[in-house]
Amino acid sequence: MPCCPHPEGWVARAQVWLGTLVEVALPSTDASDARFAAAFAQIAHAHHTMSAHDASSDLARIAREAHRATVPVDAGTYAVLQLAQQLFRESGGTFDVARAPLLARHGLLPPGAAGNTHDSGAHFGGMDALHLEPGLGVRATAPVALDLGGIAKGYAVDRAVDALRATGARAGLINAGGDLRVFGTDDWMPVRVRHPAAPAHALQLFEVRDAAVATSADYFRDGHRGLVDPRTRSLRSFSGSVTVVAPTCALADALTKIVALQPAESAAILARHGAHAFTICGEGPHSGPQRATACATTCGATTANLRLPLAAAA
């Protein structure tokens with residue numbers, strides 16, 4: 001996961017949400033109880049409405065009811081599903097949030113999280129069965145069990161940034177377990193990413209300002225595969241890591257999965273969204289800190305929001 005130390009003199013507070021530790025950091029001149037509260041309120045709201053584990057969440061209600069009647073959902077849930085549908089189409093089905101039954105089958109989600117608490121023989125539809133209707137309504141042509149773990153955390157970070165800006169905060173940094181976003185500062189923020197073959201060792205790959213960053217990797221899964229390939233309905237091992245820099249955290253979060261599954265085809269999607277990806281190889285008997293270099297990247301030059309080390313940009 002990426003980390004970005006906040007500048008000296010900033011004030012940081014942290015709370016546990018979305019299954020991880022969420023840190024909000026603000027310059028001392030902008031830090032206030034009200035601003036921290038506004039940011040964490042947005043994180044908490046996303047946690048409650050888009051959880052695959054909460055029986056009262058929008059996802060649980062979609063799984064139970066959307067194949068029978070239109071389900072009204074929160075505006076945030078609707079926006080995330082819109083983006084998920086867009087990326088599903090752009091990636092040819094690679095990014096697919098209708099994967100909860102598969103994750104539950106492999107023990108990566110509790111059985112109830114798949115919306116399958118009453119009928120163990122239920123047949124679940126895919127993204128093609130999901131329809132978004134005007135007025136924040138969701139309808140499905142078959143039972144659909146969703147998991148937004150690959151996009152909702154990033155969206156929550158984006159909404160927390162919006163909340164901070166709405167209160168007048170001029171700059172800040174939010175890091176939700178590696179989904180991070182920096183805004184409002186002219187200073188370049190160094191981003192460090194764990195090496196997949198030696199997670200205790202972090203590489204400084206680049207610097208960002210007014211940008212979002214997310215990483216996908218399996219190094220904390222104790223050898224369990226966590227990358228879902230919806231095209232084959234199976235789990236894939238992934239020994240490396242993918243880090244994406246994008247305008248929003250929701251995009252960065254989701255695009256890491258597309259790059260990991262479709263490295264050769266992802267360049268066009270990244271370019272369409274103004275994003276860049278860095279891949280670190282984790283394979284080979286000699287992988288480790290001494291060989292801790294990015295083995296592939298779609299980015300070969302600096303941008304207004306991303307600055308590479310001089311050696312990498314040359």
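The values are calculated or read from the model by the stated rules, or taken from the named source; none is laboratory data. These numbers come from a predicted model, not from an experiment. Here the Cβ positions follow ideal geometry from the backbone for every residue, glycine too, while neighbour counts run over all protein chains shown.
For residue 181, are the conditions met, namely being modelled with pLDDT under 90 and touching a Cys at 6+ places or on another chain (Cβ under 6 Å)? In short, no. Taken over the range 141-180, residues that are surrounded by fewer than 24 Cβ atoms within 10 Å (Cβ to Cβ), closer than 16 Å to residue 80 by Cα and in contact with a His (Cβ under 8 Å, 6 or more places away or on another chain) amount to 1. Every test in (1) surrounded by 14 or more Cβ atoms within 10 Å (Cβ to Cβ); (2) touching a strand residue (DSSP E or B) at 6+ places or on another chain (Cβ under 8 Å); (3) among the β-branched types (Val, Ile, Thr) is passed by residue 49 save one, and that test is (2).
All of (1) surrounded by fewer than 16 Cβ atoms within 10 Å (Cβ to Cβ); (2) closer than 22 Å to residue 97 by Cα; (3) modelled with pLDDT of 60 or more hold for residue 273 with one exception: (1). Within the range 16-43, the set of residues being under 18 Å from the mean Cα position of the chain (by Cα) and surrounded by fewer than 17 Cβ atoms within 10 Å (Cβ to Cβ) comprises 16, 19, 20, 21. The residues listed here are 237, 287, 216, 266; of these, the one that is at pLDDT 85 or above and polar (S, T, N, Q) is 266.
So which of 54, 30 is more than 20 Å from residue 161 (Cα to Cα), among the acidic types (Asp, Glu) and not in a helix (DSSP H, G or I)? Of 54, 30, the one residue that is more than 20 Å from residue 161 (Cα to Cα), among the acidic types (Asp, Glu) and not in a helix (DSSP H, G or I) is 54. Please specify each residue of the range 184-193 satisfying the condition of being surrounded by 19 or more Cβ atoms within 10 Å (Cβ to Cβ) and closer than 14 Å to residue 10 by Cα. Result: 189, single match. Of everything listed in (1) touching a strand residue (DSSP E or B) at 6+ places or on another chain (Cβ under 9 Å); (2) at pLDDT 95 or above; (3) more than 22 Å from residue 51 (Cβ to Cβ); (4) of a type outside the set (Asp, Glu), the single unmet condition for residue 196 is (2).
If you go through the range 122-140 and keep only what is more than 11 Å from residue 81 (Cα to Cα) and either crowded, with 22+ Cβ neighbours inside 10 Å or among the aromatic types (Phe, Trp, Tyr) (or both), you end up with 124, 140.
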